[in-house]
Amino acid sequence: MIIVASSNGRIGMPAALNALQSGSVIDAVEAGIRLVEANPDDHTVGYNGYPNIVGDIELDASIMEGQSLMSGGVAAMKGYPYAISVARQIMEKLPHVLLAGEGAARFAREIGAESKDQMLTPEIVAFWRRKLEQHLPAEILATLDDQSALTEWVRLATDPERAYSTVNFIARDDQGNLCSGISTSGWAWKYPGRVGDSPIIGAGNYVDNRYGACACTGMGEMAIRASTAHSVVFYMKMGRSVKEAAIQAMHDLRDLGGPYIGVMNLIAMDKDGNHFGVTSMASRTYIMQTPGMNQPAELPRYFVEIPLRWETIN
Ligand code: GLY
C-alpha cells in the first residue's frame, strides 16, 4: 500500500492512509482530497480558493480508478466545496464522465452534497479586490460583472503564478489497484467558465492498473494541449520507467509553441508502486507514505526546465 500526493496534500494524508487500510483506493483519494478542499489556508483548492475575475469561486476536480478506467469530473462548479466527492458520485451514479457549471451544481444538489453560501472569507475577497485594483481602472472594477468584454481585463489580471498548487493524490493497494484524484480552484482571476486540466481525463489525471498513474499541477492549458497525464501512462505502456515517462512528458510540454507557457509539475506512479515527481520550478517537493511510516516523507521533484513565455496577443 502506498499513497503519493502533492505536498499541499499533507493535511489529508492521515485520513487517506486510514481509508486505504479500511476501504479502497477510491476512498483513500477522496478522503485525502476532501481535507485539502476544506482547508481555508489553501487558496488553490476547494473552500476559500482564489476566485475568478468577477469574484466567484469555480471548482474543477476529477477522480479515476485504474481497473475499469471509470472516471468522474466536475468543471467550473459553484457553491459546493467538496468537488472531489461530487466527481466520485458522477463516476459511480451517472453514465457520464464530466459535468460542468450549472449541471454540476444541480447534480451536487440532487445527491445532497454539502453546500456553502459563503465560499470565500472576507480576507480573500479583500485580497482579490486589492490585486485587481493593481491592474483595472476603478470604474471597470466597480462594474466588472456587467462588463460585456472581459478579455482585456483577464489578460491583464489573470495570475498563473497562483494556480499551481492544485492538489494531487495517487493511491495503490496491495492488489495493484490504483486511483488518482485532483482538485483545484484553478487560476486566480480567470475568465468565468475557464476549465483547466484537473477535470479533463488524460490531461491532468490518468490511471490504468496495467501501467501506472499520473496527476498534474501547474498551468492546465499546457497539460490539456499535450494530454500530459495520459502521455506519462502511455510512455510507461511503451516500456519506459516511471522516471523516463515523466521526463519525456515534460519535454513534450517544453516543446509546445504559442505565446503562453507557464509552470508544470507532475507526480507519477508505475503499476508496481514506484513513484517519481517532476517540476519546472526550482525546489519543489511531493510526499509519499506507506502504512509503516509515522508521517509522510517529503521528496524532491526532478527539475526539467521549461522556459516561461507570456506574450501579448493583439
Ligand atoms: N492545474 C490547475 C489549473 O490549471 O486549473
Given the conditions (1) under 17 Å from the mean Cα position of the chain (by Cα); (2) part of a helix (DSSP H, G or I); (3) surrounded by fewer than 19 Cβ atoms within 10 Å (Cβ to Cβ); (4) not aromatic (F, W, Y), every one holds for A28 apart from (3)
Do we find that A113 is more than 24 Å from Q67 (Cα to Cα), touching a residue at least 40 places away in the same chain (Cβ under 8 Å) and out of contact with any Lys or Arg (no Cβ under 7 Å at 6 or more places or on another chain) in this structure? no
Given the condition among the charged types (D, E, K, R), within 16 Å of the ligand (Cβ to nearest atom) and either at pLDDT 95 or above or in contact with a His (Cβ under 7 Å, 6 or more places away or on another chain) (or both), answer yes or no: does some residue in region 196-204 qualify? yes
Just to be sure, is D146 out of contact with any helix residue (DSSP H, G or I) (no Cβ under 8 Å at 6 or more places or on another chain), away from the ligand (no atom under 14 Å from the Cβ) and either modelled with pLDDT of 90 or more or among the acidic types (D, E) (or both)? yes
Would region 170-183 turn up any residue that is within 11 Å of the chain's Cα centre (by Cα), at pLDDT 95 or above and within 10 Å of the ligand (Cβ to nearest atom)? yes
Mind listing just one residue for me: the one in region 35-59 that is assigned to a helix (DSSP H, G or I) and touching a helix residue (DSSP H, G or I) at 6+ places or on another chain (Cβ under 6 Å) and, of those, surrounded by the fewest Cβ atoms within 10 Å (Cβ to Cβ)? L35
Tell me, yes or no, whether region 242-260 has at least one residue that is touching a Lys or Arg at 6+ places or on another chain (Cβ under 7 Å), within 17 Å of I3 (Cα to Cα) and not in a loop (DSSP other than H, G, I, E, B). no
Kindly evaluate N8 against the criterion of being out of contact with any Phe, Trp or Tyr (no Cβ under 9 Å at 6 or more places or on another chain) and of a type outside the set (A, V, I, L, M). yes
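The values are calculated or read from the model by the stated rules, or taken from the named source; none is laboratory data. Please read all numbers here as calculations on a predicted model, not as lab measurements. No Cβ is skipped: glycine too gets one built from the backbone with ideal geometry, and neighbour counts run over all protein chains shown.
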